[in-house]
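**Student:** Take this structure first; my questions come after.
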Amino acid sequence: MSLSPETVTLQGCLLTPQGWLRGALRLHAGRIDVIDGEPIEEAAARALAAAQPQQWPLVLPGFVDAHVHGGGGHDVMEGGDAGRHVAHLHARHGTTTLLATTMTAPLSEIEAALVALAPLCRERARGGADIAGVHLEGPYISPERLGAQPAATSHATLEGIQALRALAPLRLVTLAPELPGHLELIAPLRASGLLVQIGHSNGRYEDGVAALAQGASGFTHLFNAMTGLHHREPGMAGAALAHATHAEIIPDLLHVHPGAIRAALRAIPCLYCVSDATAGTDMPDGAYRLGSMPVIKCQGGVRLADGRLAGSALTMDQALGNLVSLGLTLAEASRRVATIAADYLGLADRGCLERGRRADLALLDGVLQLRGVFVEGERIDLAAG
């Protein structure tokens, strides 16, 4: 890994698992070496960061995003060097770990994307976020719930998924459990170390309950591209709200109404945020691609020509601010954009500020504007383009 050999001492208002501290932490060899300070209330920490952002920034765990298609004009399905550009873009918005996320496509295109991503998963490129593996979002989804995915779906097999794992480190697979053979695949996939999420599914509530019983670990972009909640037909969304421990949600305030986000926060203990970011993220309005699909960035979102949402233009620093705008404390919002996802993905060395953890940090001022980022102790140049 490309960790920094430097020793750096930072002063700030530190969000630790035990609460806020006004103090300092020392970074050495890419890890948090020392963390110390006096307790401070969150309101006081934010006020101090607002008054003296350079001296007393808010220091949070770096963000962890399990669903990233692209950013900065690049899409991971392009192959080549696209993944590196995407990792650099998201690092400049506080994301220190991400999963590169594929699209439904012909097998040859998915294989080419995985081959290009494999070296970036093995070793982080300097200046970028750590690509901790791949989220295989397609092609094992329902043709009736494509969302913005192309009509190139296929049925999953254990052999087929293992063949893809040989090309790059898959960490998470999305599938529609109601499709023939998919329900029976969940347990062996989980036993092999993969997380399996329910998504892009036309299944019923009962299909979701059955998938969870087989070991499905969560739900992909809750409420989107799945059967919705009705009081006599709870659908896949109802199965998530009634039974799930984990689920992704896209808090760009376009994909999910704030009221539905609040309902999910009350129902799902480990609801965590993802960006579902696309090539148009941090780019001017205009035409881009999501996998093979032409999309348009406009009005703060990304859409197909018919107006349907097609991924997002969200970054995780924006996600954090949106959660706070909904009434979450900054500490709770941080859990939803960092800690929960790190724990869920099995990344025990990151996601919170503790001695011995990776020096993955997001520094913000009192109005939650990003002021600094460290990945494995490396200070990221926020102005690099």
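**Student:** Quick one: how many residues across segment 252-262 are on the phi < 0 side of the Ramachandran plot and buried (at least 16 other Cβ atoms within 10 Å of the Cβ)?
**Tutor:** Taking segment 252-262 and keeping what is on the phi < 0 side of the Ramachandran plot, we get 252, 254-262.
Subset that is buried (at least 16 other Cβ atoms within 10 Å of the Cβ): 252, 254-256, 260-261.
Final tally of qualifying residues: 6.
**Student:** Name the strands (runs of 3 or more DSSP E) wholly inside segment 300-378 in which the number of residues that are modelled with pLDDT of 95 or more, in the same structural domain as Trp20 (by TED's automatic domain parsing) and of a type in the set (A, V, I, L, M, F, W, C) is 3 or more. Working first, answer last.
**Tutor:** On the way: elements: 301-303, 361-364, 370-375.
Answer list for segment 300-378: 361-364, 370-375.
**Student:** Also, quick follow-up: May I ask you to verify whether Val59 is part of a strand (DSSP E or B), within 30 Å of Leu146 (Cα to Cα) and in contact (Cβ under 8 Å) with a residue 24 or more places away in the chain? Can you show your working first?
**Tutor:** Details: part of a strand (DSSP E or B): yes; within 30 Å of Leu146 (Cα to Cα): no; in contact (Cβ under 8 Å) with a residue 24 or more places away in the chain: yes.
Judged against the criteria, Val59 is not a match.
**Student:** Out of the residues in segment 161-199 that are in contact (Cβ under 8 Å) with a residue 40 or more places away in the chain and part of a helix (DSSP H, G or I), state the one that is surrounded by the most Cβ atoms within 10 Å (Cβ to Cβ).
**Tutor:** His182
**Student:** All but one of (1) among the small types (Gly, Ala, Ser); (2) in contact with a Lys or Arg (Cβ under 8 Å, 6 or more places away or on another chain); (3) part of a strand (DSSP E or B) hold for Ala247; which doesn't?
**Tutor:** (2) is the only condition that Ala247 fails.
**Student:** Oh, and also: Counting only residues that are closer than 15 Å to Ala264 by Cβ and among the aliphatic types (A, V, I, L, M), which one in segment 200-232 is surrounded by the most Cβ atoms within 10 Å (Cβ to Cβ)? I'd like the intermediate steps shown before the answer.
**Tutor:** Pass one, segment 200-232, residues closer than 15 Å to Ala264 by Cβ: 208, 218-224, 226, 228-229.
Still in the list and also among the aliphatic types (A, V, I, L, M): 222, 226, 229.
Working: Leu222: 29, Met226: 27, Leu229: 19.
Once the filter is applied, the top-ranked residue is Leu222.
**Student:** Quick one: in segment 54-83, of everything that is under 13 Å from Leu10 (Cβ atoms) and over 18 Å from the mean Cα position of the chain (by Cα), which residue is surrounded by the most Cβ atoms within 10 Å (Cβ to Cβ)?
**Tutor:** So, considering only residues that are under 13 Å from Leu10 (Cβ atoms) and over 18 Å from the mean Cα position of the chain (by Cα), the one surrounded by the most Cβ atoms within 10 Å (Cβ to Cβ) is Val59.
**Student:** Considering only segment 270-299, state which residues are in a loop (DSSP other than H, G, I, E, B), of a type in the set (A, V, I, L, M) and more than 18 Å from Leu89 (Cβ to Cβ).
**Tutor:** Step one: filter segment 270-299 for residues in a loop (DSSP other than H, G, I, E, B), giving 274-276, 278-285, 291-292, 299.
Still in the list and also of a type in the set (A, V, I, L, M): 274, 279, 283.
If the condition is that a residue be in a loop (DSSP other than H, G, I, E, B), of a type in the set (A, V, I, L, M) and more than 18 Å from Leu89 (Cβ to Cβ), then no residue fits.
The values are calculated or read from the model by the stated rules, or taken from the named source; none is laboratory data. All of these numbers come straight from a predicted model, not from anything done at the bench. Cβ atoms come from the backbone with ideal geometry, glycine included; neighbour counts cover every protein chain shown.
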